[in-house]
Every structure is written in C-alpha cells, then in structure tokens.
Amino acid sequence: MSGAREDILALLESNSRLLPEDLAERLGLSAEFVSGELGRMCDEQVICGYNTLINWEKTNKELVTALIEVRVTPQRGLGFDKIAERIYLFDEVKAVYLMSGGFDLTVIIEGGNIKDVAYFISDKLAPMESVQSTATHFVLKKYKDHGIVLEKQRKDDERMIVSP
Amino acid sequence: MADAIKNMPFSGIRKFFDVAKQIEDVVSLGIGEPDFDTPWNIREEAIYQLERGNTIYTSNAGLMELREAISVYMRNNFSLYYRPADQILVTAGASEDIDISLRAIVNPGDEVLLPEPCFVAYKPCILMAGGVPVVIETKAENDFRLTPGDILPRVTNKTKAILLSYPTNPTGAVMEKTDYERIANIFLERDILVISDEIYAELTYGSKHISIAALPGMAEQTIVIGGFSKAFSMTGWRLGYSCGPAEIINAMLKIHQYILMCAPTVSQYAGVEALAGGMAGVRRMREEYNARRRVMVNGFRAMGMDCFEPRGAFYVFPSIKKTGLSSEEFCTRLLFEEKVAVVPGNAFGASGEGFVRCSYAASMENLREALRRIKSFLRKLANEHGQ
C-alpha cells in the first residue's frame with residue numbers, strides 16, 4: 001500500500017526541485033505536513049540526497065565512466081559489507097551494488113580519462129586483499145539514466161487546439 | 001444533400017476551433033484528448049504485429065483474445081460479467097459504439113433521455129438514429145449528478161432509452177453507487193434501456209469507478225461502452241468496445257459488420273497488450289491528472305470562481321456567471337485578450353451556459369500559465385465593472 005510518504009517520494013524522484021507547497025497542492029496535503037515529512041525522511045535517511053542529472057557529454061568536461069565486475073572473498077562476521085565500504089569510500093566510486101550471480105560487486109567509477117580509471121583499478125581496487133578479480137567495462141554512451149532519456153527527441157504538441 | 005444532415009449544425013466546439021486556430025501562441029485548455037504518448041509497451045507490441053504482417057481483417061466482433069481480455073478486465077475492475085463469445089463487441093472507438101448502439105435499439109420517434117451538459121456527439125447520434133432526444137438538465141448544485149427528480153418529469157410512454165456518461169465530459173462529474181441506486185428502479189420498472197458511455201472510467205479520482213450495469217438487474221438492460229482512448233492515451237488508434245445483453249450486441253454486430261467489417265487489426269493487438277501490461281501506465285497517468293486537477297480547482301477557487309470539484313475525466317467546469325458574460329463572450333474575449341483557449345459550456349448543451357470547460361490534459365507548466373492569464377483577465381473584467 002502506498003501512503004502519503006510514498007506519494008511524496010514518487011513525485012520528488014521525478015523532479016527534486018518541487019517545493020513543499022507544490023507537492024502539497026498536487027497531492028491534496030497541507031504544506032506543513034509535507035515539510036514535516038520531508039524533514040523526517042531526511043533524518044531517517046529515506047531521502048539520501050538531491051542530485052541533478054547532467055549529460056556531461058554536452059559539456060567541455062572530459063569524463064570516463066566504467067562499470068567493474070568485482071569478485072571478492074567475504075569476511076567472516078562481516079560478509080561483504082566491510083569490503084564494500086573500503087571500495088565505496090573512494091571519491092571516484094559513484095555506485096556500489098552487491099549482486100547475485102557470477103560476480104559479487106558492481107562498482108561504477110568515474111574519472112577524467114582512461115588512465116585515471118586504469119590507475120584506480122590497478123593501484124587501489126585490484127590489490128585489495130579480499131578482491132579476487134575484476135572485469136572492467138567502459139561506458140561508451142549513456143542513453144538513459146535514472147529513468148530519464150538523455151537525448152529526448154522534442155515533439156511539438158500536434159493535437160488540435162480545441163477538440164470535443 | 002440529405003435534409004437531415006443539411007440542418008444539422010457543426011458542433012460548437014468546431015466553431016470555436018476555427019476561431020482559435022488562427023491565433024498564435026495560444027495556451028490551450030480546450031483539448032479533449034490526453035497529452036501523453038501511448039505507453040511504449042503498447043506501441044512496441046503494435047510494431048511487432050506489423051512486422052509479423054498481422055494486418056488482415058479480424059472476425060467482425062473483434063479478436064477473441066481481445067474480447068477475452070476485455071471480459072476479464074470488466075470482471076476484475078467493475079464486477080461486470082460478459083461472455084466474450086456473444087456479449088462483447090470490439091469497435092473503432094467509443095464514438096462508433098454510441099452510433100451503433102442507438103441505431104440498434106431506437107425505432108423512429110422513440111425518445112432517448114439525454115442528461116446535459118454532455119459530449120457533443122450524443123444528440124446528433126440520437127437524431128441520426130431516428131430518435132427524439134429529450135434533454136435532462138443536470139445542475140451544478142447537485143454536482144451535475146442525475147437525480148430521480150431530474151428524470152421522472154421527462155419520462156413518457158415513448159421513452160426507449162437513456163444515454164448516460166459518467167465520469168462526464170465536460171463537467172468531470174461522477175455518480176456513486178448510492179446515486180445509481182436512487183435512479184435504477186425508474187429504468188427497471190419501465191424497461192428503459194441504458195446506454196452507459198464509460199470511456200473515462202479509469203480517470204476517476206478518490207474512489208473507484210462504478211458502472212450502473214453492476215446494480216441488480218441492470219446488466220440485462222444496459223449497454224456499457226468503453227474504450228482505450230482515454231485510459232491508455234490511445235485516441236488515434238480508434239479502439240473501443242461495447243458489452244451488453246447478447247441480443248443487443250448481436251444487433252450492433254450486424255450494423256458494425258456492414259459499415260466497418262472490424263476494428264483496426266493492429267489496434268486490436270495493441271489493445272490486448274494494453275490490458276495485459278498497461279495498467280501501470282494507466283495508474284501513472286491517473287496520478288498525474290489528479291495532481292493537475294487539484295492545481296486547477298485550487299487555482300480557480302483562489303481567483304474567487306465557483307468551481308465544483310470534479311471527480312473524474314480531465315476537465316474542470318468553473319462557473320463564469322459572476323462575470324456577467326455569456327460563456328461564448330467569456331471564451332472569445334479570453335482567447336483574443338489573453339490567448340487562452342477554453343470551451344464555452346453551452347457547446348455541451350444549453351444547461352452548460354454560464355460555465356466553461358477547461359481541460360487539464362496539458363502540461364503543469366501550461367496549466368499554471370493559463371491560470372495566470374485567466375486571473376489577469378478576471379482582474380481586467382472586474383476593473384471594467386468598477387468603472
């Protein structure tokens with residue numbers, strides 16, 4: 001069952017710039033209630049941050065993204081969490097997921113060029129004691145990210161201006 | 001040319017469209033169709049069917065697979081039970097259903113009750129079927145619901161049917177179960193058939209849509225019309241359906257097979273996918289419409305306009321009586337002076353006079369811009385009166 005919280009989150013996930021009063025009006029709630037819920041959800045880390053989705057390809061900034069499949073040896077008593085933490089604390093690391101299947105961790109990293117990424121893998125990631133192997137895949141083009149198509153074809157509203 | 005058609009006017013909407021299309025940069029709240037693309041899973045299925053070359057006629061009544069899916073959908077969502085074999089007919093859009101359902105049941109001179117304000121095609125379709133439209137004016141003070149007191153004075157021994165449509169275009173009104181319970185007996189006792197156009201069923205806010213056919217005894221004398229245009233944003237696909245007693249559906253099938261053969265085949269396959277995998281898309285669109293509905297109602301009320309809360313479709317129907325202008329004057333001036341298109345309420349019947357229909361099948365950005373312009377227009381009117 002989705003409640004007011006889930007409704008607020010669903011709207012915010014699609015547009016984090018909506019103000020509490022916008023959210024309240026759209027959902028038929030009071031602005032005070034929405035503000036309160038937002039504060040509580042930040043405290044509870046339900047809301048973990050507000051990002052902007054940027055297509056860096058359209059800027060002058062050089063950026064290389066790589067997805068690395070990592071196989072690790074879990075540690076007794078700590079499972080995968082400790083090794084995951086050692087990896088995700090690096091600034092270059094943008095995402096870390098524990099996976100089912102043929103490998104254990106998906107690590108997504110960003111660097112200014114291939115050399116940066118290669119250095120991180122060969123000098124930081126691969127030598128870690130628990131890391132058994134890595135397989136690196138470079139991202140060539142991002143089509144869709146966080147549910148948003150990056151180069152959406154704009155379409156004019158071709159509906160009749162007045163219709164039954 | 002046939003006299004009957006010569007004397008039939010174009011709809012008031014069409015007249016207004018001809019004016020509006022000449023003006024540039026209009027923000028339109030005049031559009032009676034969804035602004036979303038058809039969900040991709042539905043479009044993708046249609047492409048696949050085209051690639052496979054599935055482009056021949058289907059059976060007259062429509063693909064059995066689709067009729068079965070409609071049967072399940074009606075059962076699960078509205079507790080209505082129809083046999084795919086002889087109680088469901090797939091058509092080229094709900095507009096066709098309105099036409100052929102009337103032609104299937106109306107004899108020359110039969111009276112058809114027509115609650116107004118209502119969709120512009122009903123009255124001409126009754127006339128073209130040889131029937132006599134008998135208008136029932138629904139009222140803002142009843143939230144445009146139909147009451148026994150509205151209906152009874154209009155019933156005669158020639159009354160053959162009533163054409164209902166809830167949620168309603170243009171008012172956004174809905175009927176609750178208790179509302180139907182108050183009027184169902186009138187139809188049951190007098191064998192009055194009900195044509196219930198439920199094209200906006202999925203766009204009901206805050207409660208679940210209920211069909212009059214779900215009331216005891218009503219399924220035997222009700223034709224339920226549904227379609228894919230509004231719920232799945234599939235207007236251009238032309239796909240609708242009728243469900244009802246086998247005898248009536250069979251009569252409609254007879255007309256349908258002579259005038260159309262079958263509904264567009266690719267659209268029918270798309271319809272199967274819509275019902276199988278499209279409900280998440282319907283929910284998503286409904287939530288967005290609901291958010292816009294609140295913004296519109298709040299916006300109009302904040303300007304001091306009387307605006308009853310619509311609980312269905314994608315229209316708000318505020319009263320403009322306070323301005324002292326007629327619906328047409330209001331709409332024409334708003335169009336020329338502020339470049340906002342809304343539709344005069346009287347285009348949907350005389351009882352729509354004093355109201356305007358505002359569609360919120362438009363982006364939130366456009367809705368807010370339109371509200372800003374309407375506010376400035378009202379301020380201007382107030383100043384004129386002050387002078």
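The values are calculated or read from the model by the stated rules, or taken from the named source; none is laboratory data. Remember, predicted model here, so these are calculated numbers, not experimental data. FYI the Cβ positions are ideal-geometry reconstructions off the backbone, even for glycines, and counts take in every protein chain you see. Calculation scope for accessible area: heavy atoms of the full protein, side chains included, ligands and nucleic acids excluded. Shrake-Rupley method; radii C 1.70, N 1.55, O 1.52, S 1.80 Å.
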- aspartates and glutamates within cross-link reach of B:LYS254: Cα-Cα under 14 Å, excluding same-chain residues under 8 positions apart? B:ASP86, B:GLU96, B:ASP97, B:ASP99
- To one decimal place, what Kirkwood hydrodynamic radius in Å is obtained for the range A:4-43 from all pairs of distinct Cα atoms? 9.7 Å
- Percentage of Cα-Cα pair distances in the range B:257-379 greater than 24 Å, rounded to whole percent? 40 percent
- Message: For the pairs B:LYS139/B:LYS375; B:LYS160/B:LYS208; B:LYS123/B:LYS208; A:LYS152/B:LYS339; B:LYS208/B:LYS230; A:LYS94/A:LYS142, flag any whose C-alpha to C-alpha distance is greater than 19 Å.
- Response: B:LYS139/B:LYS375; B:LYS160/B:LYS208; B:LYS123/B:LYS208; A:LYS152/B:LYS339
- Query: Looking at B:ALA184, B:PRO264, B:GLY236, which one has the Cα that reaches farthest to the positive end of the dipole of the range B:41-277 (charges on Cβ: Lys, Arg +1; Asp, Glu -1)?
  - Reply: B:PRO264
- Semi-axes (Å, rounded, descending) of the ellipsoid equivalent to the range A:56-141 per its C-alpha gyration tensor are 25, 12, 11
- When chain B is treated as a Gaussian network with springs between alpha carbons less than 10 Å apart, the largest mean-square fluctuation among B:LYS177, B:LYS208, B:LYS21 is found at B:LYS21
- Note on the structure: Connecting every pair of Cα atoms under 10 Å apart in chain B and solving the GNM, the largest mean-square fluctuation among B:ILE100, B:ILE126, B:ILE259 falls on B:ILE259
- Note on the structure: Relative to the compact-globule estimate 2.2 N^0.38 Å (N residues), the Cα gyration radius of the range B:41-277 stands at a ratio of 0.98
- Message: Quick check: the angle from helix B:40-51's long axis to the longest principal axis of chain B, C-alpha only, nearest 10 degrees?
- Response: 50 degrees
- Given a Förster distance of 35 Å, the FRET efficiency implied by the Cβ-Cβ spacing of A:CYS42 and A:THR73, rounded to the nearest 0.05, works out to 0.45
- Mind jotting down the distance between the C-alpha centroids of the range B:295-345 and the range B:176-229, whole Å? 29 Å
- Message: Strictly over 29 Å apart at the Cα level, which of A:LYS155/B:LYS15; A:LYS115/A:LYS144; A:LYS58/A:LYS115; B:LYS21/B:LYS321; A:LYS155/B:LYS322; A:LYS82/A:LYS144 would you flag in this model?
- Response: A:LYS155/B:LYS322; A:LYS82/A:LYS144
- Message: Using Cα-Cα distances under 8 Å and only pairs 6 or more residues apart, what relative contact order does the range B:278-327 have, in percent?
- Response: 25 percent
- Query: In percent, how large is the relative contact order of the range B:41-277, given Cα pairs closer than 8 Å and 6 or more residues apart?
  - Reply: 30 percent
- Shape of the range B:157-278, Cα gyration tensor, a/c cut at 1.5: oblate
- If the chain between B:ASN54 and B:HIS385 were fully stretched, how many nm would it gain, using 0.36 nm times the residue separation less the Cα-Cα distance? 112.8 nm
- Message: Full-extension gain between A:LYS58 and A:ARG86, please, as 0.36 nm times their residue separation minus the C-alpha to C-alpha distance.
- Response: 6.8 nm
- Note on the structure: Per-residue ellipticity at 222 nm attributable to helices in chain A (runs of n ≥ 4 DSSP H, -39500 (n - 2.57) apiece, nearest 500 deg cm²/dmol) works out to -8000 deg cm²/dmol
- Can you pull a Stokes-Einstein diffusion coefficient for the protein assembly as shown at 10 °C (1.306 mPa s), Rh from Kirkwood over Cα pairs, as a whole number of µm²/s? 59 µm²/s
- Message: How large is the Rg to Rh ratio of chain A when both quantities use alpha carbon positions and Rh follows Kirkwood?
- Response: 1.08
- Message: Restricting to DSSP H runs of at least four residues, report the calculated mean residue ellipticity at 222 nm for chain B, -39500 (n - 2.57) per run over all residues, nearest 500 deg cm²/dmol.
- Response: -13000 deg cm²/dmol
- Message: Test of understanding: in a Gaussian network model of chain B with alpha carbons linked when under 10 Å, which of B:ALA270, B:ALA213, B:ALA302 would top the mean-square fluctuation ranking?
- Response: B:ALA302
- Note on the structure: So the angle from the long Cα axis of helix B:177-190 to the longest Cα principal axis of chain B, reported in degrees to the nearest 10, equals 60 degrees
- Message: If DNA, RNA and ligands are ignored and the probe is 1.4 Å, what is the ranking of A:CYS48, B:CYS358 by accessible area, most exposed first?
- Response: A:CYS48, B:CYS358
